[in-house]
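The values are calculated or read from the model by the stated rules, or taken from the named source; none is laboratory data. Bear in mind that the values here come from a model prediction, so they are computed numbers and not experimental data. A quick note on method: Cβ atoms are made from the backbone with ideal geometry, for glycine too, and the neighbour counts reach across all protein chains shown. Areas reflect the complete protein model, heavy atoms only, side chains present, ligands, DNA and RNA absent. Shrake-Rupley method; radii C 1.70, N 1.55, O 1.52, S 1.80 Å.
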Amino acid sequence: MMKYTECEAEVICIKDAVCRGDQSLYEAFQFLQIDTTCNKSKPSSAIENEWCSRNALRKQRHWEKIIAARKNKRKKEKERKKAKRSEVAGNPFRHSKRFLKARTKERLLLAKDSGPKLCLDLSMTEHMTKKEISRLAGQIRRLYGSNKKASKPFWLYLTNFIVNSPIYEECLRMNDGFSNYLMDMTEESYLDLFPLETVVYLTPDSEHALEDIDPRKVYILGGLVDESIQKKLTFQKAQENGLVTARLPIQEWMVKNVNEKNYHSEILAINQVFDVLSTYYETQSWPEALKAGVPCGNGFVIPDTDE
């Protein structure tokens, strides 16, 4: 006796009913369009292979999306670089790094011949701790960086700069390319390098405010940092050598700002003093210069003249 599957048996029954004239079953057969193979049970291996195929297809589509995104990113990056090259080519004011470096060197060497001279007196490092010497080396780096950017730079000197001394070693360690800095470095004292009548020692303890910057003068900054508590050390040293002294005109152009700690100090780091001098030399404006170099934390501000 021939055996049928459950699905095939149902089809045969429906066909018999149609032959007997059972119209309702015939209509149901037409509506369902039963496929005798629809409910055949698949082997487990076939189901597993079909699931694996779908999983692989999903991974492939995900990877294709990643590849497409990377291609799109590379395309945009190429377009950005192309636009940048076009902008540089069409802008006569954009110059190469080599050109800018040569122009900076030219400005600095011109200052050596005709610009004002600023000298850092490093003869007092024995009064400083290792931490203070590190801070001083960092301030020298920032001072040099500001001078390089200035349209009217100073010519810089490091005096009493002893080879293999702590400050010498720290400058080499902390400042990349320090040996190539465009400045004069010497173990000699500024007292032996310059005529005393041309020297102005800048110290916050001076009674005289600096009024102008004279390119014929040599301005001396004591190589001390804010943490040093050697009061009036630079002022006393200048007096001992009969030098003219001056301080930044903070008292003349700035006012004390009310703060919680009631803190007001005219002592600045050497790079901050230089920022004041450099800005004034370019702008001839003490308010603008003091605003550029004196930090708000020192408790002084330029008064508002609009009121």
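Quick notes
- Taking a ≥ b ≥ c as the square roots of the eigenvalues of the Cα gyration tensor, an a/c ratio below 1.5 marks region 147-298 as rounded.
- Measuring only protein heavy atoms, the 1.4 Å probe finds Y168 accessible over about 50 Å².
- Solvent accessible area, Å² - H208, 1.4 Å probe, full protein context: 110 Å²
- The share of accessible area on region 205-307 that comes from carbon and sulfur is 47 percent, using a 1.4 angstrom probe.
- Cα-based shape type of region 238-307, given that a ≥ b ≥ c are square roots of the gyration tensor eigenvalues and the cut on a/c is 1.5: oblate
- Here each label is just a point 7 Å from Cα along the line to Cβ, and for K149 and E207 those points are 3.9 nm apart.
- Accessible surface of R58 - all protein chains present, 1.4 Å probe, nearest 10 Å²: 140 Å²
- Those lysines that a straight Cα-Cα span of less than 21 Å connects to K101, excepting residues fewer than 8 apart in one chain: K112, K148, K149, K152
- Candidate residues R142, R247, R135: accessible-area rank, largest first, probe 1.4 Å: R142, R135, R247
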